[in-house]
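Have a look at the structure below, then the notes.
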Amino acid sequence: MGLHLFNTLNKKTEGFTPLDPAGRGVGVYSCGPTVYDFAHIGNFRTFVFSDLVRRYLEFRGFDVRHVMNITDVDDKIIAKVNSGQSTHTDFTRGLEKSFFEDMATLGCLQPHYTPRATEHIGDIIELIKRLFENGLAYQAADGSVYFSIKKYIESGHRYGQLVNLDLDQLRPGERTKHDEYAKDSIADFALWKARTAEDGEIYWRSPWGEGRPGWHIECSAMSMKILGSSIDIHIGGEDLIFPHHEDEIAQSEGACGGTAGQPFVRYWLHAAHLFVEGKKMSKSLGNFFTLRDLTAQGFSGREIRYLLLSGHYRETFNFTIEGLHGARSAIARLEECILKLKETAGAETAVPEDEILASFTKAMDDDLNVSAAWGAVFDWIREKNRQLAENELSPQQAASALAAWEKINSVFGIPPALTSEIPQEIIELAENRQAARKARDFETADRLRDRLKAEGWIVEDTPKGPRLKPID
């Protein structure tokens with residue numbers, strides 16, 4: 001069947017074919033963080049999804065170039081910098097560093113390119129110049145430069161490719177200078193914002209005076225600089241569809257003359273909203289979580305990643321603490337089977353098992369259906385556990401199963417446990433218990449077993465000796 005993706009541009013699931021004539025190279029752009037605060041768990045649903053897309057494309061043999069921008073100048077950042085003691089660079093770089101630490105905790109691969117908006121001011125200015133040349137930009141009385149939606153439409157382009165808009169509401173000349181505005185507002189948006197007193201020392205020189213770029217133009221300039229005027233896949237949360245992504249299309253195709261055969265983006269992928277405990281995240285409701293809030297409660301990055309990847313990306317997802325406990329149990333089941341397979345395989349190596357890879361690929365080819373893919377994996381785990389219990393697997397068969405899991409997990413990206421070390425005192429208790437069993441002092445052995453349990457560990461007696469295992 002081949003990979004099929006739901007394209008927001010056409011509102012349907014389509015077979016994926018890259019722009020590369022050789023059919024291998026794929027350019028992927030995903031909207032990255034605006035570094036004015038720590039990213040929250042809703043943001044990370046989209047970032048983990050972007051990582052999944054990149055990983056699955058590579059699994060399918062594509063040569064991916066993944067770009068994730070860093071928005072390090074916008075209204076919120078300037079307000080934060082001007083209300084604090086830190087410089088703009090120190091403030092944004094500190095939060096950028098924290099963001100990538102969080103991404104690593106979640107097992108996300110580092111994007112190939114992570115351009116900062118402030119390092120592409122020259123590219124942004126050049127793009128705005130092209131819009132002036134094409135008659136689609138104008139400078140207003142306040143000194144700011146705006147994109148003319150009316151001129152864009154009159155030049156034969158369509159505004160409203162991702163969403164259905166009532167263009168009868170369009171009032172020519174109505175402008176918005178803010179980065180974010182009403183979702184039902186159709187207004188000319190700022191490409192370059194004239195410097196104001198509120199901006200302080202955060203500004204750059206341009207042909208139109210001192211100021212700074214608008215939010216939308218940043219993404220267009222950075223994506224086209226690295227990936228070209230037409231790219232394969234653009235990823236973001238569904239909250240960015242309008243106005244951000246719609247405006248990206250307008251300014252990019254307005255500057256480069258995009259046509260139906262060569263649009264700015266060929267496949268738009270959008271992750272649905274995330275709710276927490278059935279409600280929209282809100283600090284007042286106490287259900288607003290950063291990744292660090294959750295790890296402080298004792299949850300690991302891999303448990304959080306597993307939960308975020310347990311539902312289809314286009315379905316609104318309900319993130320719960322109960323779900324995190326379920327993720328912990330699911331990973332424990334998975335790893336217990338993998339450990340037994342390793343014990344059986346020993347030093348054997350083998351090619352990956354075909355059947356589970358075929359089932360996994362079929363599910364993921366269907367618009368990245370992770371629910372069906374996980375279902376196939378756990379059916380497989382159940383069968384492997386049965387075969388292990390009945391001694392039906394040879395070392396080579398176990399090695400083949402392990403090789404298949406490694407390929408599957410190259411997509412799911414569930415990180416290994418943060419540490420495989422067992423505290424020395426726990427090891428000593430287990431060794432003393434084993435010595436008591438050998439001496440047939442079962443009373444002492446049982447007492448030591450209970451002490452281990454109280455410390456959060458159990459001992460499994462296997463044919464290859466006792467094995468310590470943390471209690472879920």
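The values are calculated or read from the model by the stated rules, or taken from the named source; none is laboratory data. Quantities reported herein were computed from a predicted structural model and do not represent experimental measurements. Every residue, glycine as well, gets a Cβ built from its backbone with ideal geometry; the counts of neighbours run over all protein chains shown. These accessible areas exclude ligands, DNA and RNA; they are computed on the full protein's heavy atoms, side chains included. Shrake-Rupley method; radii C 1.70, N 1.55, O 1.52, S 1.80 Å.
Between helix 370-389 and the chain, what is the angle of the helix's C-alpha long axis to the longest principal axis, kept within 0 to 90° and rounded to the nearest 10?
Orientation of helix 370-389: about 10 degrees from the principal axis.
Around ARG447, what is the net charge, scoring Lys/Arg as +1 and Asp/Glu as -1 over all other residues with Cβ under 14 Å from its Cβ? Mind dumping the intermediate values first?
Working: positive: ARG433, ARG437, ARG449, ARG451, LYS453; negative: ASP441, GLU443, ASP446, ASP450, GLU455.
Neighbourhood net charge equals 0.
Quick one: work out Rg over Rh on the C-alpha atoms of the range 369-472, Rh as Kirkwood radius. Don't skip to the end; give the middle numbers.
Details: Rg = 17.7 Å, Rh = 16.5 Å.
With Rg and the Kirkwood Rh in hand, the quotient comes to 1.07.
If you average 1/r over all unlike Cα pairs in the chain and invert the result, what Kirkwood radius do you get in angstrom? All intermediate terms of the calculation are to be shown ahead of the outcome.
Working: mean 1/r = 0.0399 Å⁻¹.
Evaluated over the chain, this radius sits at 25.1 Å.
Run the numbers for GLU174 and ARG292: contour at 0.36 nm per residue of separation, minus the present Cα-Cα distance, in nm.
38.3 nm
Within the accessible area of the range 209-340, what % is carbon and sulfur when the probe is 1.4 Å and the other protein chains stay in place? Spell out each step's value before the answer.
Numbers: 2210 of 4550 Å².
Carbon and sulfur: 49 percent of the exposed surface of the range 209-340.
Relative to the longest principal Cα axis of the chain, at what angle does helix 88-105 sit, 0 to 90 degrees, rounded to 10?
Once rounded, one gets 40 degrees.
Average projected area of the Cα convex hull of the range 42-101, in nm²?
Numbers: hull surface 20.5 nm².
Here the figure is 5.1 nm², rounded to one decimal.
For the chain, with every protein chain kept in place, what is the accessible area per residue (1.4 Å probe, Å²)?
Values: 21640 Å² over 472 residues.
On a per-residue basis, the chain sits at 46 Å².
Kirkwood-based Rg over Rh for the range 93-133 (C-alpha set), two decimals?
Working: Rg = 15.1 Å, Rh = 12.5 Å.
Expressed as Rg/Rh, it is 1.21.
Heavy atoms only, 1.4 Å probe, whole protein assembly: order GLU253, GLU348 by accessible area, highest first. It would help to have the intermediate numbers written out before the result.
Details: GLU253 15, GLU348 90 Å².
Heavy-atom accessible area, descending, gives GLU348, GLU253.
Given bins 5 angstrom wide, list per bin the percent of all Cα-Cα distances in the range 187-327, short to long.
2, 8, 14, 14, 12, 12, 14, 12, 9, 3, 1, 0
For the range 346-472, give the percent of accessible area contributed by carbon and sulfur heavy atoms, probe 1.4 Å, rounded to a whole number.
It is 49 percent, rounded to a whole number.
Enter the accessible area of THR295 (Å², nearest 10), with the probe set to 1.4 Å and all protein chains included.
50
Leaving out ligands, DNA and RNA but keeping every protein chain, what accessible area does ASP90 have, in Å² rounded to the nearest 10, with a 1.4 Å probe?
Accessible area, nearest 10 Å²: 100 Å².
Quote the Stokes-Einstein diffusion coefficient, in whole µm² s⁻¹, for the range 130-173, based on the Kirkwood radius over alpha carbon pairs, a temperature of 10 °C and a viscosity of 1.306 mPa s.
My calculation gives 138 µm²/s for D.
Can you give me the angle between helix 246-256 and the longest principal axis of the chain, using Cα atoms only, in degrees from 0 to 90, rounded to the nearest 10?
The two axes meet at around 60 degrees.
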